[in-house]
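Working notes, structure below.
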Amino acid sequence: MAKREGPVAVMDSGVGGLSVLAEIRQRLPNETLHYLADCGHVPYGEKSPDYIRERCRHIAAFFYQQGAKAMVLACNTATVAAVADLRAHYPDWLIVGMEPAVKPAAAATRSGIVGVLATTGTLQSAKFAALLDRFASNVRVVTQPCPGLVELIETGDLTSPVLRTLLGSYVEPLLAAGCDTLILGCTHYPFLKPLLAETVPPHVAVIDTGAAVARQLERLLAGADLLARGPARSTRFWTSAEPRALMDILPVLWHPSQDVERFTS
């Protein structure tokens, strides 16, 4: 009983994982959720796999000691760098990762050309290459690294002229290549969906994986008889940067009036 009522831990390099957290909260309202934004080390996308693995080990140890019954790496870059390492360290723990939605995008495209917006770290990973080999052999995939987007979203900027120009510079070559399906390969990018709706033609599908991750988490918890029961539960936040910065952005990306604690590791 005690383990069933333990929290579900969710981590990201910053605030992007809030897009996944929202999907989890909607699907699993009875769960206690703990979210850690590693804002003191954002962005992960331009850092080495060894650096990211070390950060994820620190955060995983923190959550594990709290008695979390599952952990979600709500970050594509962290997943490709660290999910296998964490599963080896914690074989008795449910650990859910992210991956770009290559399979559904390959199934959805009509032109046969799929675009991927992602961080440099995700696009250069062996895991992403394996996804392409497995699910995209019959389509053309055009990749676009997007340096700078994460940093702007971390400030709560979802609409400024600077952001619009930068996003447009990344989307334009994908549209010019004939892409009719765009994969959002970073958990920060779903916050740009309203802006993308203004930027891309109506026939272009935009796909992310937050809802699929929430469904997978539910399946794993149910299979292990770990789904919480009872009333809706709370969400608790930590950050490795100054808490005030995250508190200021949560009303934009989550809910108002939310306390944030400092993660010092």
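Rule-based calculations on the coordinates, nothing more; no lab input. Small disclaimer: the values here were computed from a predicted structure and weren't measured. Here Cβ is always computed from backbone atoms with ideal geometry, including for glycine, and neighbour counts include all displayed protein chains.
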- [ ] Could you tell me how many degrees, from 0 to 90 and to the nearest 10, lie between the Cα long axis of helix 126-135 and the main elongation axis, the longest principal axis, of the Cα atoms of the chain?
- [x] 60 degrees
Open item on the list: Between helix 210-223 and the chain, what is the angle of the helix's C-alpha long axis to the longest principal axis, kept within 0 to 90° and rounded to the nearest 10?
Closed with: 40 degrees
TODO: For the chain, build the charge dipole from Cβ charges (+1 Lys, Arg; -1 Asp, Glu) around the Cα centre, then report which of Gly6, Trp254, Ser125 sits farthest towards its positive end.
DONE: Gly6
Task: Ascending count of other beta-carbon atoms within 10 Å, so fewest first, for Cys186, Cys146 - done: Cys146, Cys186
Open item on the list: For Glu5, Glu31, Glu154, which order do you get if you count the other beta carbons within 10 Å of each Cβ and list the fewest first?
Closed with: Glu5, Glu154, Glu31
TODO: Would you give the gap between the C-alpha center of the stretch 189-206 and the C-alpha center of the stretch 232-253, rounded to a whole Å?
DONE: 26 Å
Task: Residue-span extension gain [Arg164 to Val252] - 0.36 nm each, minus C-alpha spacing - done: 29.9 nm
- [ ] Would you mind checking which residues have amide H under 5 Å from Val114's amide H? H placed 1.01 Å from N; only 5 or more apart, or other chain.
- [x] Arg140, Val141, Val142
- [ ] Grab the Cα-Cα distance for Asp85 and Thr120, subtract it from 0.36 nm times how many residues apart they are, and report the gain in nm with one decimal.
- [x] 10.6 nm
TODO: Note the count of lysine pairs whose C-alpha atoms are less than 22 angstrom apart in the chain, limited to pairs 8 or more residues apart or on different chains.
DONE: 4
Open item on the list: Of the candidates Ala118, Ala78, Ala126, which one comes out as most mobile in a Gaussian network treatment of the chain with C-alpha springs shorter than 10 Å?
Closed with: Ala126
Task: Distance (nanometres) between label positions extended 7 Å along Cα→Cβ at Asn30 and Arg229 - done: 0.7 nm
Task: Rough spin-label spacing in nm, given labels placed 7 Å along Cα→Cβ, for Asp92 and Glu242 - done: 4.2 nm
TODO: Between Lys3 and Asp259, with labels modelled 7 Å along Cα→Cβ, what's the label distance in nm to one decimal, could you check?
DONE: 3.0 nm
Task: Residue among Leu220, Leu117, Leu33 with the largest mean-square fluctuation in a Gaussian network model of the chain, springs linking Cα atoms under 10 Å - done: Leu220
Task: Spatial separation of Cα centroids for the stretch 59-128 and the stretch 1-30, in angstrom - done: 15 Å
Task: Mean Cα-pair separation over length for the stretch 1-135, i.e. relative contact order, pairs under 8 Å, 6 or more apart, % - done: 26 percent
Task: Sequence of Thr143, Thr187, Thr155 once ranked by neighbouring C-beta atoms within 10 Å, starting from the fewest - done: Thr155, Thr143, Thr187
Task: Dipole magnitude (debye, nearest 20) for the chain, charges at Cβ of Lys, Arg, Asp, Glu - done: 700 debye
Task: Most positive-pole-ward Cα, Cys186, Ala197, Ala101, against dipole of the chain from beta carbon charges - done: Ala101
Open item on the list: Can you give me the angle between helix 243-253 and the longest principal axis of the chain, using Cα atoms only, in degrees from 0 to 90, rounded to the nearest 10?
Closed with: 60 degrees
